[in-house]
Amino acid sequence: MKLKLIFSYDGSKFQGSATQPHQNSVQDALAKALRHLGIYEKPLFASRTDKGVHALNAVASVKCGEHFRDLNALKALINRFSRPNINIKFTKIVSENFQPRFDAKMREYRYLLYHGAFNPFLSSYFHFYPKIDIKKANEILSLFVGTHDFRLFAKQNSPSKDSKRSIFIAKAYSHKDLTVFKFRANGFLRSQIRLMMSGVLAVLEGKLSKDNLKEQILAKASHIRTPTPPNALYLARIFY
């Protein structure tokens, strides 16, 4: 039978989510935990995240034996071997045709700016940054909403051939000492959100004009080439 796994992970403990030759990835660690239970097929992930990027609700599928029908017991067994850096939150039996990557309709990410005093114990989970003008940030973010060719907001070695993406939500809001940036789209290119964040912050800092940012969104000229740090980015949710 095929299972759908929803799980969180601490990206600071891995070299990215996709399997690596050195096997220090989220996919490798989850596969190792499953092997302890006699599940030898490598799990398929819905999304790929870079080194340092975290997930609140990642999705994967894996095939296993029919004797694992007690899903609560199975979840506890996987967590025995996957914790503390990966935590299985939910398991569900799905159709054999379920494809976690290609069946996904939308993906949502969040990027967190922390405005408090620097704390080394939080440095793997936030981007420390001075307080920003939320209203102005949302005005800038609105430029990204819609369907655009985002090829100038992707790393040069991005594997995607089609760089058009539709962004449905791009907004910022305050929560205690944080500014939370929320992005929802039908998909994202590699490092796209971090390059978008770099553009927003550059405009807020007065280092880039809104017109220049619009040029890059329209794929007319490249002004922002360095993404913001990965440690503040979280895969929040995948919609099916």
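The values are calculated or read from the model by the stated rules, or taken from the named source; none is laboratory data. Quick caveat: nothing in here was measured; it's all calculated off a predicted structure. Glycine also receives a Cβ, built like all others from the backbone with ideal geometry; neighbour counts cover every protein chain displayed. Surface areas here come from the heavy atoms of the whole protein model, side chains and all, with no ligands, DNA or RNA. Shrake-Rupley method; radii C 1.70, N 1.55, O 1.52, S 1.80 Å.
Here region 202-235 and region 87-136 have alpha carbon centers that stand 19 Å from each other.
Relative contact order for the chain: what percent, with Cα pairs under 8 Å and sequence separation of 6 or more?
On the way: 498 pairs, mean separation 57.6, N = 240.
24 percent.
Once the convex hull of all Cα atoms in region 128-240 is built, its volume per residue stands at 110 Å³.
Helix 71-82 and the longest principal axis of the C-alpha atoms of the chain enclose an angle of approximately 70°. In degrees, nearest 10, range 0 to 90: what is the angle between the Cα axis of helix 26-35 and the longest Cα principal axis of the chain? Compared with the principal axis, the helix lies near 10 degrees. Using only the alpha-carbon atoms, how far is helix 192-204 inclined from the longest principal axis of the chain? Give it as 0 to 90 degrees, nearest 10. Value to nearest ten degrees: 30.
Relative contact order for region 155-212: what percent, with Cα pairs under 8 Å and sequence separation of 6 or more? Intermediate values should be presented prior to the final figure.
Working: 47 pairs, mean separation 16.6, N = 58.
Relative contact order, region 155-212: 29 percent.
Quick check on my link table: of 13/164; 164/220; 63/182; 135/210; 89/161, which ones sit more than 22 Å apart, alpha carbon to alpha carbon? Correct reply: 13/164; 63/182; 89/161.
Could you state the orientation-averaged shadow area of the convex hull built on the Cα atoms of the chain, in nm² to one decimal? Let's see the in-between values first.
Details: hull surface 54.2 nm².
Mean shadow area of the hull around the Cα atoms is 13.6 nm².
Residues 7, 68, 81, sorted by accessible area with the largest first, give 81, 68, 7 [1.4 Å probe; ligands and nucleic acids excluded].
About its Cα centre, region 186-240 has a charge dipole of approximately 120 debye under the convention of +1 per Lys or Arg Cβ and -1 per Asp or Glu Cβ, with nothing else charged. In the chain, helical runs assigned H by DSSP with n ≥ 4 each contribute -39500 (n - 2.57); averaged across all residues and rounded to the nearest 500, the mean residue ellipticity at 222 nm is -6500 deg cm²/dmol. Taking every alpha-carbon pair under 8 Å whose residues sit at least 6 apart, region 1-111 reaches a relative contact order of 39 percent. Its Cα gyration tensor gives region 72-209 an equivalent ellipsoid; the semi-axes, largest first and in whole Å, are 30, 23, 13. Placing +1 on each Lys and Arg Cβ and -1 on each Asp and Glu Cβ, with no other charges, gives the chain a dipole about its Cα centre of roughly 160 debye. Accessible surface area normalised per residue over the chain is 51 Å², counting heavy atoms of protein chains with a 1.4 Å rolling probe. Nonpolar atom fraction for the chain, defined as the carbon and sulfur part of the 1.4 Å probe accessible area, stands at 50 percent.
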